[in-house]
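Student: Following this message is one structure expressed as structure tokens.
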Amino acid sequence: MEPGLATYLALSGVLFTIGCVGVIFKRNAIGMFMCIELMLNAVNLTFVAFSRYYSDTTGQLFVFMVMSVAAAEAAVGLGIIIAFFRNSRSVDVDDASMLRN
Amino acid sequence: MVGNALFFVFAGLAIACAISMVYHRNPLYSAVSLVGVFIALSCIYVTLAAPFIAAVQILIYAGAIMVLVVFVIMLLNLDEDKPLTRLRYLYAIGAGLGVILLAQTFFIFYAVMRAPNVPVAEDQTAGRTIDIGRAMYSEYLLPVEIVGVLLMMAVIGGVILSRKLTQPQLELVVDNEMERRGEDH
Amino acid sequence: MEGVIKTAFPFIVLSVGILLAFQGVLMIVAYTVLAERKVLGWIQGRIGPNRVGPWGVLQPFADLLKFIFKEDLVPDKSTKFIYFLAPMVALIAALMPIVVYPFGPAITSVDWTLLPFGLGEGIRELPLTIARIDVGVLFVLGITSVGVYGIALAGWSSNSKYSLMGGLRSSAQMISYELAMGASVIGVVMLAGTLDLNGIIYAQQQSPFRWYIIPQFVGFIVFLIAAFAETNRVPFDLPEAETELVAGFHTEYSALKFALFFMAEYVNMFTVSVMCTVLFLGGWYVPGLSHLFEVGSIPYALVSHLAFIGKICAFLFFYIWVRGTLPRFRFDQLMNFGWKFLLPVAIANVIVTIVVVYFLNS
């Protein structure tokens, strides 16, 4: 069976679903961050699939932007996690509740 | 024919590694599974005739971002995730959300399969490096420059977040904060 | 029957090519180990191993037998899966770039229609590269980035302080010098106009300088220094120096797993030597050879291939020579050098190349 546009979109949707469910189930901040990266990659796959099936370079350009933003987010997000860890010795997001009440 | 079979192999590998990433509670196993997902996705990009994006995916995601994540996991010496003791209803919400999203995915699959088929030109060249380069510097110059500024901001932010203040610098920061709040020492 | 042979033929040709390439590379790597011991011996005023065969030529096989028969220790508290995975990742990431190396010029003088079953129709040339992809340079750089995992995971999973320190230091060093390596390649890619390794060699043929080492001399020096740091060789081998950290990230590995790390280090040396040759020394291109032999004939391809191997061996000898001569950097000196000197020099090289190419083209 030849994989058409629908197959690529279905694969992207399944990966996005797994990422979404992972963000809810995971408790440490790094695990949540990795699930968000998985969701971003699923979206990248959608862009590249559409770029191929409509012969438009815009999709791949946008993937490039998404990758750059993900890299910037990784750098700053992991910096925040490390700074938070220095103060509270835990990366459990339930412990990051100092702004509550 | 071999290309089609290879796509299903890599798609299966991507889904298996993604499920493994969510299942494992040890963050290092999750990170290694995520690297597997990225490599499988890179191979899928090759089947989509996007060699530049495939190579850049390996370079940036598998080779830089995940190395950073693995470093942080090793430096912080993280233990396994413990299962939820309170807010147990989150498991049910997660499962429900998963079911809804999967149903949406299958609906999209069904709808796109029924849509009129757009034939793909065999020699379409939207994925070559030279096409992407030309588009990047002519039509999409503004987004590229903005991304450059964004990366510069990320570098500066990373450096500031991870520096250790010396004692005089620490006293200066505390003094400024006290002044801002309007308190006395 | 004929249909089966016709569909299987490309796979058979590719498999034979892959086997030949891997066999050749592993043989060269095995004899690099021997050459290192002999040349280091001569530099230090002694003879290297000479017992096992005449001049020690069977030494690599003796070493292999020793590694196979040694006792395989596994530390008790290590993370078992990652402990077994790390050397495999290191070796796979080291061996993968072989598929894009341009081993020689394409052979066009053979008449392929003489093959039975009509297999030779439409084939006009035999390329001496296994996979001619559009983005060869990015592929090699990306796969060497993945090689950092082998070292980081090995350092962590051995559950020993020497391994952890060695692994973290080694990975930090490798990712720092990857930047300088990538930046030094940009100048060559701009002059050649393509990321394809074969395309870069053809561009060097057309260029008035013949080899890109002449216009990109600064880039060549930066690439060479970054290559030494990428492969954890002297003067950047603090993470695995015996007097500093026992053996760094591979302290707790023995027998065959250690042999995999050992081979991965030498295959990495081979990889960066090939990249240096292709990008700066014209790969298989020997200026003036087209006057002696006809382009596309088998003798031309053979002599070009031997010249390619000769240039790679010259770089491997240079690696061994530097090991016998220079002292090693301290780790903070190493990181300072990579970030504060080498990366700015590489970026300055890119800027100067941009300006020169722009004014030459307008």
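The values are calculated or read from the model by the stated rules, or taken from the named source; none is laboratory data. Just so we're clear, the structure is a prediction, and the values are computed from it rather than from any experiment. Cβ atoms come from the backbone with ideal geometry, glycine included; neighbour counts cover every protein chain shown. These area figures cover heavy atoms from the full protein model, side chains too; ligands, DNA and RNA do not enter into them. Shrake-Rupley method; radii C 1.70, N 1.55, O 1.52, S 1.80 Å.
Student: Only one of (1) of a type in the set (D, E, K, R); (2) surrounded by fewer than 13 Cβ atoms within 10 Å (Cβ to Cβ); (3) part of a helix (DSSP H, G or I); (4) over 23 Å from the mean Cα position of the chain (by Cα) fails for B:Lys164. Which number is that?
Tutor: Of the numbered conditions (1) of a type in the set (D, E, K, R); (2) surrounded by fewer than 13 Cβ atoms within 10 Å (Cβ to Cβ); (3) part of a helix (DSSP H, G or I); (4) over 23 Å from the mean Cα position of the chain (by Cα), the odd one out for B:Lys164 is (3).
Student: I need a count of the residues in segment B:37-57 that are touching a residue at least 24 places away in the same chain (Cβ under 8 Å) and at the interface with chain C (Cβ under 8 Å from one of its Cβ atoms).
Tutor: 2
Student: Within the set of pairs 6+ apart or on separate chains, which have a first residue in segment A:26-55 that is within 19 Å of A:Gly77 (Cβ to Cβ), a second that is modelled with pLDDT of 90 or more and of a type in the set (Asp, Glu), and C-beta atoms under 9 Å apart?
Tutor: Pairs that qualify, where the first residue is within 19 Å of A:Gly77 (Cβ to Cβ) and the partner is modelled with pLDDT of 90 or more and of a type in the set (Asp, Glu), are A:Phe33/A:Glu73; A:Ile36/A:Glu73; A:Glu37/A:Glu73; A:Leu40/A:Glu73.
Student: Which one of these is touching a residue at least 40 places away in the same chain (Cβ under 8 Å) and open to solvent by less than 10 Å² (accessible area, probe 1.4 Å): C:Phe280, C:Phe220? Break it down into steps so the answer makes sense when it comes.
Tutor: Working: C:Phe220 fails: open to solvent by less than 10 Å² (accessible area, probe 1.4 Å).
Unique residue meeting the criteria: C:Phe280.
Student: Looking at (1) facing chain B (nearest Cβ under 7 Å); (2) under 18 Å from the mean Cα position of the chain (by Cα), which is the one condition that is false for A:Ala83?
Tutor: The one condition A:Ala83 does not meet is (2).
Student: Just the residues that are surrounded by fewer than 13 Cβ atoms within 10 Å (Cβ to Cβ), at pLDDT below 90 and part of a helix (DSSP H, G or I), please, taken from segment C:295-332.
Tutor: Matches in segment C:295-332: C:Pro299, C:Asp332.
Student: (1) surrounded by 20 or more Cβ atoms within 10 Å (Cβ to Cβ); (2) closer than 26 Å to C:Phe209 by Cα; (3) among the small types (Gly, Ala, Ser): which one isn't true of C:Ala264, the others all being true?
Tutor: Looking at each condition in turn, C:Ala264 falls short on (2).
Student: Now a separate question. Checking the conditions here, which among C:Ala62, C:Ala21 is farther than 30 Å from C:Tyr300 by Cα and among the hydrophobic types (A, V, I, L, M, F, W, C)? Spell out how you get there, then give the answer.
Tutor: Numbers: C:Ala21 fails: farther than 30 Å from C:Tyr300 by Cα.
Unique residue meeting the criteria: C:Ala62.
Student: Here are some conditions: (1) crowded, with 19+ Cβ neighbours inside 10 Å; (2) closer than 20 Å to C:Ala21 by Cβ. C:Gly187 meets all but one. Which one does it not meet?
Tutor: (2)
Student: From the list A:Gly59, A:Gly19, A:Gly31, which one is within 7 Å of chain B (Cβ to nearest Cβ) and of a type in the set (Gly, Ala, Ser)?
Tutor: Values: A:Gly59 fails: within 7 Å of chain B (Cβ to nearest Cβ); A:Gly19 fails: within 7 Å of chain B (Cβ to nearest Cβ).
Step by step, each of A:Gly59, A:Gly19, A:Gly31 is checked, and only A:Gly31 is within 7 Å of chain B (Cβ to nearest Cβ) and of a type in the set (Gly, Ala, Ser).
Each row is one residue, and each column tells you yes or no for (1) of a type outside the set (Val, Ile, Thr); (2) under 29 Å from B:Val159 (Cβ atoms); (3) open to solvent by 20 Å² or more (accessible area, probe 1.4 Å).
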{"position": "A:Thr17", "(1), (2), (3)": "no, no, no"}
{"position": "A:Leu40", "(1), (2), (3)": "yes, yes, yes"}
{"position": "A:Asn44", "(1), (2), (3)": "yes, yes, no"}
{"position": "A:Thr57", "(1), (2), (3)": "no, no, yes"}
{"position": "A:Ala71", "(1), (2), (3)": "yes, yes, yes"}
{"position": "A:Leu78", "(1), (2), (3)": "yes, yes, no"}
{"position": "A:Ser88", "(1), (2), (3)": "yes, yes, yes"}
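Student: Being within 14 Å of chain B (Cβ to nearest Cβ) and surrounded by fewer than 18 Cβ atoms within 10 Å (Cβ to Cβ): is that true of C:Ile143 here? Reasoning before the result, please.
Tutor: Working: within 14 Å of chain B (Cβ to nearest Cβ): yes; surrounded by fewer than 18 Cβ atoms within 10 Å (Cβ to Cβ): no.
No; evaluated as a whole, the condition is false for this residue.
Student: Being of a type in the set (Gly, Ala, Ser) and at pLDDT below 90 is true for just one of A:Ala83, A:Ala42, A:Ala75. Which residue is that?
Tutor: Numbers: A:Ala42 fails: at pLDDT below 90; A:Ala75 fails: at pLDDT below 90.
Within the list A:Ala83, A:Ala42, A:Ala75, the selection yields A:Ala83.
Student: Does segment C:129-140 contain at least one residue that is free of Cβ contacts under 8 Å to residues at least 24 places away in the same chain and either touching a helix residue (DSSP H, G or I) at 6+ places or on another chain (Cβ under 8 Å) or open to solvent by 50 Å² or more (accessible area, probe 1.4 Å) (or both)?
Tutor: Of segment C:129-140, the ones free of Cβ contacts under 8 Å to residues at least 24 places away in the same chain are none.
There is no residue in segment C:129-140 that is free of Cβ contacts under 8 Å to residues at least 24 places away in the same chain and either touching a helix residue (DSSP H, G or I) at 6+ places or on another chain (Cβ under 8 Å) or open to solvent by 50 Å² or more (accessible area, probe 1.4 Å) (or both).
Student: Cβ-Cβ below 7 Å, separation at least six or inter-chain, first residue in segment C:1-24 and open to solvent by 60 Å² or more (accessible area, probe 1.4 Å), second not β-branched (Val, Ile, Thr): which pairs?
Tutor: Pairs that qualify, where the first residue is open to solvent by 60 Å² or more (accessible area, probe 1.4 Å) and the partner is not β-branched (Val, Ile, Thr), are C:Glu2/C:Phe117; C:Lys6/C:Phe117; C:Lys6/C:Leu119.
Student: Please work out if B:Leu34 is in a helix (DSSP H, G or I), buried (at least 17 other Cβ atoms within 10 Å of the Cβ), touching an Asp or Glu at 6+ places or on another chain (Cβ under 8 Å) and more than 8 Å from chain C (Cβ to nearest Cβ). Even if it seems obvious, please write down each step before you answer.
Tutor: Numbers: in a helix (DSSP H, G or I): yes; buried (at least 17 other Cβ atoms within 10 Å of the Cβ): yes; touching an Asp or Glu at 6+ places or on another chain (Cβ under 8 Å): yes; more than 8 Å from chain C (Cβ to nearest Cβ): yes.
So B:Leu34 fits the description; yes.
Student: All but one of (1) touching a strand residue (DSSP E or B) at 6+ places or on another chain (Cβ under 9 Å); (2) at the interface with chain B (Cβ under 7 Å from one of its Cβ atoms); (3) surrounded by fewer than 20 Cβ atoms within 10 Å (Cβ to Cβ) hold for A:Asp92, so report the exception by its number.
Tutor: If we test A:Asp92 against (1) touching a strand residue (DSSP E or B) at 6+ places or on another chain (Cβ under 9 Å); (2) at the interface with chain B (Cβ under 7 Å from one of its Cβ atoms); (3) surrounded by fewer than 20 Cβ atoms within 10 Å (Cβ to Cβ), just (2) comes out false.
Student: Could we say that A:Val48 is surrounded by 21 or more Cβ atoms within 10 Å (Cβ to Cβ), over 15 Å from the mean Cα position of the chain (by Cα), aliphatic (A, V, I, L, M) and facing chain B (nearest Cβ under 7 Å) here? Walk me through it before giving the result.
Tutor: On the way: surrounded by 21 or more Cβ atoms within 10 Å (Cβ to Cβ): yes; over 15 Å from the mean Cα position of the chain (by Cα): yes; aliphatic (A, V, I, L, M): yes; facing chain B (nearest Cβ under 7 Å): yes.
Spelling it out, A:Val48 is indeed surrounded by 21 or more Cβ atoms within 10 Å (Cβ to Cβ), over 15 Å from the mean Cα position of the chain (by Cα), aliphatic (A, V, I, L, M) and facing chain B (nearest Cβ under 7 Å).
Student: What are the pairs with Cβ atoms under 7 angstrom where one residue, in segment C:336-359, is open to solvent by 90 Å² or more (accessible area, probe 1.4 Å) and the other, located anywhere, is part of a helix (DSSP H, G or I)? Sequence gap at least six, or different chains.
Tutor: Taking only residues 6 or more apart or on different chains, the pairs are C:Trp339/C:Ser176.
Student: Continuing with the same structure: Return the residues of segment B:66-97 that are out of contact with any Leu (no Cβ under 9 Å at 6 or more places or on another chain), open to solvent by less than 90 Å² (accessible area, probe 1.4 Å) and part of a loop (DSSP other than H, G, I, E, B); say none if nothing qualifies.
Tutor: Listed by number, the residues that qualify are B:Asp81, B:Pro83, B:Leu87.
Student: Name the residues in segment C:193-215 that are in a helix (DSSP H, G or I) and within 18 Å of the chain's Cα centre (by Cα), would you? Spell out how you get there, then give the answer.
Tutor: Applying the first criterion (in a helix (DSSP H, G or I)) to segment C:193-215 yields C:197-206.
Correct list: C:Leu197, C:Asn198, C:Ile200, C:Ile201.
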